[in-house]
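Notes to accompany the following structure.
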Amino acid sequence: MTLLDIVTLPAAILRKKTRPVTTFDDELQTLIDNMIETMRDANGVGLAAPQINLPISLTVIEGLPKIDEDGNDIPDSRQLFVVVNPKIVWHSPETIDGIEGCLSIPGYLGEVERSEAIRIRAQNRQGKKVKMRLTGWTARIFQHEIDHLNGVLYIDKLTAPENFWTDEEFHKMREEEE
């Protein structure tokens with residue numbers, strides 16, 4: 001597999017709407033595998049095609065591992081999603097604020113309000129149509145990655161301009177709160 005270059009702001013592709021994927025061939029499968037490898041290597045939980053300089057409607061998502069009662073990661077508990085041509089078809093009226101970062105905006109974090117639950121329609125890596133109901137952290141990741149496919153970044157949705165920090169500022173602020 002090949003690690004891909006992740007583009008960062010101000011790359012213009014991050015602000016453009018993607019085009020649908022129409023061909024589910026070996027080339028696409030290799031791209032998907034490379035995106036998964038790149039996301040994992042960068043310690044991300046999601047990676048959208050525009051972030052690797054491709055204007056297509058494709059994202060890979062892998063949630064955080066589940067934690068046991070002692071606070072340890074449960075091995076192999078992450079769920080991997082390959083999502084092609086996704087559309088959010090419903091979102092809950094209930095929202096929740098949460099901290100987000102982005103591989104294309106390294107070194108920064110911000111607070112974003114997202115729907116607590118969503119439903120999406122999409123295709124899987126073979127092109128089969130799928131429907132998903134997502135809640136909590138997984139729903140947040142999906143919303144963030146689908147925004148990428150529409151040229152929207154989390155910094156466009158901050159709860160307030162002052163709720164944007166460098167990693168260092170954020171961690172210092174958290175330490176002071178404890």
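The values are calculated or read from the model by the stated rules, or taken from the named source; none is laboratory data. Every value quoted in this text rests on a predicted model; they were computed, and no experiment measured them. Positions of Cβ are generated from backbone atoms using ideal geometry, with glycine treated the same way; all protein chains shown enter the neighbour counts.
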Just one of the numbered conditions (1) modelled with pLDDT of 95 or more; (2) over 30 Å from Asp25 (Cβ atoms); (3) among the hydrophobic types (A, V, I, L, M, F, W, C) is not true of Met173; which one? (1)
Per-region count, segment 104-127, residues under 22 Å from Leu54 (Cα atoms) and not in a strand (DSSP E or B): 7
If only one of Leu14, Leu28, Leu47 is surrounded by 15 or more Cβ atoms within 10 Å (Cβ to Cβ) and assigned to a strand (DSSP E or B), which one is it? Leu47
Select from segment 132-178 the residues that are charged (D, E, K, R) and either closer than 20 Å to Glu62 by Cβ or in contact with a Phe, Trp or Tyr (Cβ under 6 Å, 6 or more places away or on another chain) (or both) and list them in ascending order. Arg133, Arg140, Glu145, Asp147
Looking at (1) modelled with pLDDT of 95 or more; (2) assigned to a loop (DSSP other than H, G, I, E, B), which is the one condition that is false for Arg78? (1)
Which pairs have Cβ atoms under 6 Å, sit 6 or more apart or on different chains, and link a residue in segment 122-150 that is under 22 Å from Gln29 (Cβ atoms) to one that is among the small types (Gly, Ala, Ser)? Val130/Ala122; Glu145/Gly46; Glu145/Ala48; His148/Ala48; Leu149/Ala48; Leu149/Ser57
Would a scan of segment 87-106 turn up a residue that is surrounded by 15 or more Cβ atoms within 10 Å (Cβ to Cβ) and among the basic types (Lys, Arg)? no
Among the residues that make up segment 38-48, is at least one of them touching a Pro at 6+ places or on another chain (Cβ under 6 Å), touching a residue at least 12 places away in the same chain (Cβ under 8 Å) and under 30 Å from Thr159 (Cα atoms)? no
All positions within segment 128-150 that are assigned to a helix (DSSP H, G or I) and of a type in the set (Val, Ile, Thr): Thr138, Ile141, Ile146
Before we move on, is Thr59 surrounded by 17 or more Cβ atoms within 10 Å (Cβ to Cβ) and either of a type in the set (D, E, K, R) or assigned to a strand (DSSP E or B) (or both)? yes
Counting only residues that are assigned to a helix (DSSP H, G or I), in contact (Cβ under 8 Å) with a residue 12 or more places away in the chain and either under 13 Å from the mean Cα position of the chain (by Cα) or closer than 24 Å to Ile52 by Cα (or both), how many does segment 151-177 have? 4
